[in-house]
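The values are calculated or read from the model by the stated rules, or taken from the named source; none is laboratory data. Owing to the predicted nature of the structure, the values given are computational and were not obtained by experimental measurement. Every residue, glycine as well, gets a Cβ built from its backbone with ideal geometry; the counts of neighbours run over all protein chains shown. To get the accessible areas, we keep the full protein, side chains included, count just its heavy atoms, and leave off ligands, DNA and RNA. Shrake-Rupley method; radii C 1.70, N 1.55, O 1.52, S 1.80 Å.
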Amino acid sequence: MEENTSYPLMYLEDDASKDVSELIPLLSSEDEEQFNKEETPKTLPILPLKNMVLFPGVVIPITVGRDTSISLVQKANKSSKIVGVVAQIDPKVEDPKQKELYSIGTVAKILKLLKMPDGSTTVIMQGKKRFSLDTITKEKPFLEAEVSAYGSSAKQSITDKKFDALIASIKDLANNIIKLSPNLPSEAMLAIKNIESPGFLINFIASNMRAEVEKKQEILELLDLEERATLLLKRLTKNLQMLELKNDIQAKVKTDIDQQQREFFLNQQMKTIQEELGGNPLDQQIEEFEKKAKKKKWSSAVKDVFNKELGKLKRMNPASSEFSVQINYLENLVELPWNVYTKDNLDLKKAQSVLNQDHFGLDKVKERIIEHLAVLKLKKDLKSPIICLHGPPGVGKTSLGKSIARALDRKYVRMSLGGVKDEAEIRGHRRTYIGAMPGRILQNIKKVKSSNPVFILDEIDKVGNDFHGDPSSALLEVLDPEQNNTFHDNFIEVDYDLSKVMFIATANNIGTIQPALRDRMEMIEVSGYTVEEKIEIAHKYIIPKLIKDHGLKSADLSLEKKNIEYVIEQYTMESGVRGLEKKLAKIVRNTAKKIALEEKYQKKIKKERISSILGKGISKEKYQNNDIAGVVTGLAWTSVGGDVLFIETSINKGKGKLSLTGNLGNVMKESATIALQYLKSHPKLIGLQADVFDKWDVHLHVPQGATPKDGPSAGITILTSIASIFTQRKIREKLAMTGEITLRGDVLPVGGIKEKILAAKRANIKEIILCQ
């Protein structure tokens with residue numbers, strides 16, 4: 001078998017002290033020529049070989065196992081000792097026929113027949129010359145065939161520089177392969193060096209190189225010696241490359257193993273030193289986990305998970321990458337406040353008093369909190385409400401959450417959702433990721449050490465979404481009272497009860513909140529403040545807070561209500577009080593500076609001083625006298641509260657064309673078209689003939705062209721403006737209007753009425769027309 005034939009010539013002698021040339025018979029050019037001159041017998045007994053090819057001049061041992069092969073070698077050994085050796089195409093065939101044998105073989109002479117201790121027979125034979133297998137004449141007891149000489153006339157010796165270089169390259173490659181192969185004896189290099197005949201050198205190396213039978217057979221069948229040498233060179237080059245690659249890989253693996261062993265020994269030494277100094281930190285940490293676990297009020301399911309994961313940690317190698325993840329997981333598991341609740345303050349009067357202390361107005365929200373406390377007082381066990389406070393910026397939505405926590409005696413936690421785009425921020429990362437951590441919901445619960453805090457989800461309308469997932473969809477589970485008692489965090493992987501958490505979401509624009517999410521929350525509108533409310537808020541809350549924050553005393557500064565109103569009217573334009581606080585802070589800072597510089601100043605702040613500190617006031621929308629027909633005052637809602645706008649219409653001779661300017665949106669343009677169409681359909685309402693509209697072009701404009709305007713609420717204002725210009729009748733003084741118009745002339749309700757009324761009051765308007 002081939003595995004017994006890596007430089008198999010070594011089988012010939014057992015005495016290691018013999019010269020290499022005696023162990024490996026080296027064929028000279030004369031011997032090769034003698035072999036080629038010998039006549040090829042006409043018939044030969046055929047010995048099929050399963051996985052090797054015999055080359056002329058080469059000596060190999062063959063273990064024969066088939067009965068036919070044993071009888072063949074025994075008979076041949078007693079007679080001429082000459083046999084024909086042919087490789088099988090398929091080594092699996094036990095009884096090969098002619099079509100299952102290669103057509104070119106080697107005439108071989110049996111040198112020795114050995115009976116091995118295990119009972120098998122080994123025959124040592126030497127190839128002489130090649131033959132062509134013509135016809136099988138006999139199959140029993142072994143194969144016999146008619147054969148003919150093959151390649152005897154081909155030139156076996158070449159003498160030129162190119163061929164010499166080729167042979168030298170083959171020798172070098174063979175020597176390199178022997179050096180890199182630990183299982184090949186170094187004597188083989190000496191053998192190659194001593195081979196004179198190029199033909200025998202090619203046969204010797206081809207016979208012993210690592211290659212498939214078909215590739216060796218291909219070399220055997222080539223007639224031209226130079227072609228055989230070139231093909232052998234290619235095969236050897238490939239073998240050398242594979243050996244080098246294999247040795248590189250083994251060297252790298254050995255380096256890695258050496259590094260791991262080094263780290264292991266160092267860790268063992270460190271462990272021993274740590275034990276000498278007073279215990280292993282890992283054992284101490286495990287002991288700490290077990291202590292904390294005993295105090296936990298968790299369910300049996302959570303306890304089982306903890307024990308399983310702790311057992312896994314004990315079996316882990318501290319040097320592995322998963323070790324830190326496991327430590328982090330167990331830390332989070334024991335730090336979470338499982339079934340830990342603060343006791344609610346059920347004194348309704350005290351709670352109401354706290355809410356009133358902190359915030360002026362906002363009666364709807366306060367009422368909802370008191371209702372929840374009342375039911376909790378009666379029922380003792382109640383799922384917390386999920387409230388969404390929506391309204392313009394600066395009206396106190398976020399600070400109200402802090403007041404609710406104070407009123408209920410609960411812990412307070414706030415989480416800003418503005419710009420959150422990754423679902424993992426809510427639900428956590430899976431533990432397979434490096435640097436995995438729980439979602440921010442459970443992180444905040446862990447931080448406040450209570451499972452029933454007041455949890456503010458700030459700016460819920462500004463949640464984004466991208467390829468990482470949709471956080472607003474992840475919030476559906478958090479904010480659903482039917483689901484959030486089994487909230488699943490990807491990192492913790494154990495259900496956590498959020499049903500006792502009072503979630504309060506805040507938003508400016510509920511239009512951008514996902515409908516399914518909006519449906520789960522109790523929407524409470526926190527509308528803008530009136531001037532009177534702002535004066536009270538500034539007087540009771542903002543100014544005392546600013547005096548305290550700036551290190552002053554209440555005696556250092558006095559601001560009357562009429563002057564607060566002056567600041568509101570002249571320097572702010574908002575629904576909330578954030579801008580007002582900034583302006584008042586500037587006044588307080590100015591006073592603090594004067595005290596610090598020991599300058600004289602008036603403690604009572606008057607309008608003149610306010611103007612010198614704050615500069616020129618902002619121009620606000622004021623009512624404009626309707627001296628001209630076609631000008632009508634409308635009311636609009638903006639994100640910072642209500643606003644006054646003016647609709648202007650003019651007409652000129654033409655064909656009834658309608659032009660619209662002032663940066664109007666599609667809905668507002670449609671309102672103008674509907675208004676004109678209604679008047680065309682009902683001209684008698686304003687005492688006109690139907691054809692008058694076809695003789696005049698209408699141009700409608702809304703001033704402040706840089707500001708985009710849209711919505712249906714200017715419908716009746718536009719209709720009134722067009723009617724006014726066509727009839728040349730002026731609008732009543734100090735009158736404003738809002739409402740959507742239909743083609744039938746119905747006035748439909750619109751939103752933002754409170755803000756619009758406040759805007760009208762600021763503009764000194766006395767009468768408002770709106771839908772009943």
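Within the stretch 339-360, the set of residues being in a helix (DSSP H, G or I) and touching a Ser or Thr at 6+ places or on another chain (Cβ under 6 Å) comprises Leu355, Asp358. Among the conditions (1) over 22 Å from Ser527 (Cβ atoms); (2) out of contact with any Asp or Glu (no Cβ under 8 Å at 6 or more places or on another chain), Gly401 misses just one, which is (1). The residues in the stretch 82-113 that are outside any loop (DSSP other than H, G, I, E, B) and either open to solvent by less than 10 Å² (accessible area, probe 1.4 Å) or in contact (Cβ under 8 Å) with a residue 12 or more places away in the chain (or both) can be counted, and the count is 20. Residues of the stretch 582-591 include at least one that is of a type in the set (S, T, N, Q) and without any contact (Cβ under 8 Å) to a residue 24 or more places away in the chain.
Going by the structure shown, is Ile647 in contact (Cβ under 8 Å) with a residue 60 or more places away in the chain and part of a strand (DSSP E or B)? Criteria met by Ile647.
When residues in the stretch 297-308 are screened for being within 19 Å of Pro337 (Cβ to Cβ) and either loosely packed, with under 13 Cβ neighbours inside 10 Å or in contact with a helix residue (DSSP H, G or I) (Cβ under 7 Å, 6 or more places away or on another chain) (or both), 4 of them pass.
Scanning for something at pLDDT 85 or above, basic (Lys, Arg) and under 55 Å from the mean Cα position of the chain (by Cα), does the stretch 170-179 turn up at least one residue? Checked against the condition, which is being at pLDDT 85 or above, basic (Lys, Arg) and under 55 Å from the mean Cα position of the chain (by Cα), the stretch 170-179 yields no hits at all. Yes or no: Gln284 more than 23 Å from Val501 (Cβ to Cβ) and open to solvent by less than 90 Å² (accessible area, probe 1.4 Å)? So Gln284 does not fit the description; no. Restricting attention to the stretch 628-644, the residues being at pLDDT below 85 and either part of a strand (DSSP E or B) or at positive phi (or both) number 5.
Where helices (runs of 4 or more DSSP H) sit wholly within the stretch 385-469, none has at least 2 residues that are touching a Pro at 6+ places or on another chain (Cβ under 8 Å), surrounded by fewer than 18 Cβ atoms within 10 Å (Cβ to Cβ) and modelled with pLDDT under 90.
Restricting attention to the stretch 529-548, and to residues there that are among the charged types (D, E, K, R) and free of Cβ contacts under 8 Å to residues at least 24 places away in the same chain, which single residue is nearest to Ala596 (Cα to Cα)?
Across the stretch 529-548, the extreme among qualifying residues is Lys548.
Taken as a whole, the structure leaves Asp691 outside the set of residues that are open to solvent by 20 Å² or more (accessible area, probe 1.4 Å) and not in a helix (DSSP H, G or I). Yes or no: the stretch 221-239 includes at least one residue that is touching an Asp or Glu at 6+ places or on another chain (Cβ under 8 Å) and crowded, with 16+ Cβ neighbours inside 10 Å. Yes, there is a match, as at least one residue in the stretch 221-239 is touching an Asp or Glu at 6+ places or on another chain (Cβ under 8 Å) and crowded, with 16+ Cβ neighbours inside 10 Å.
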